[in-house]
Ligand SMILES: [Zn+2]
């Protein structure tokens, strides 16, 4: 599910966008998919000066896909979000 794209925008440059991975079981892929990475890397609308990247919230971890396509783990989801 992808939603709230550019939700931080409000007419100004976006600083981030995000989507969740609704696949809540341990058997499902947690990390951003290749499709996710390509979508960020190849989207010319996501190259604003202040754009940090796409945040992917999965069950285990929160990831950041940088505009370059680099993926980094921000931290454990449970440390950031109450379940
Ligand atoms: Zn995804």
Residues within segment 66-80 that are on the phi < 0 side of the Ramachandran plot, out of contact with any strand residue (DSSP E or B) (no Cβ under 7 Å at 6 or more places or on another chain) and either in a strand (DSSP E or B) or in contact (Cβ under 8 Å) with a residue 12 or more places away in the chain (or both), tallied: 1
Residue that is surrounded by the fewest Cβ atoms within 10 Å (Cβ to Cβ), among those in segment 52-65 that are within 15 Å of the ligand (Cβ to nearest atom) and in a loop (DSSP other than H, G, I, E, B): 60
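Residues are listed down the side, and each one gets a yes or a no for (1) surrounded by 16 or more Cβ atoms within 10 Å (Cβ to Cβ); (2) modelled with pLDDT of 90 or more; (3) part of a loop (DSSP other than H, G, I, E, B):
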{"site": "9", "(1), (2), (3)": "no, no, yes"}
{"site": "14", "(1), (2), (3)": "yes, no, yes"}
{"site": "18", "(1), (2), (3)": "yes, no, no"}
{"site": "24", "(1), (2), (3)": "no, no, yes"}
{"site": "29", "(1), (2), (3)": "no, no, yes"}
{"site": "40", "(1), (2), (3)": "yes, yes, no"}
{"site": "45", "(1), (2), (3)": "no, no, no"}
{"site": "50", "(1), (2), (3)": "no, no, yes"}
{"site": "82", "(1), (2), (3)": "no, no, yes"}
Residue pairs meeting the criteria (Cβ under 6 Å; at least 6 apart or on separate chains; first under 16 Å from residue 55 (Cα atoms), in segment 22-37; second modelled with pLDDT under 85 and near the ligand (Cβ under 10 Å from one of its atoms)): 22/1
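The values are calculated or read from the model by the stated rules, or taken from the named source; none is laboratory data. The model shown is predicted, which means the values in this text are computed figures rather than measured ones. Positions of Cβ are backbone-derived with ideal geometry, glycine not excepted, and every protein chain shown enters the neighbour counts.
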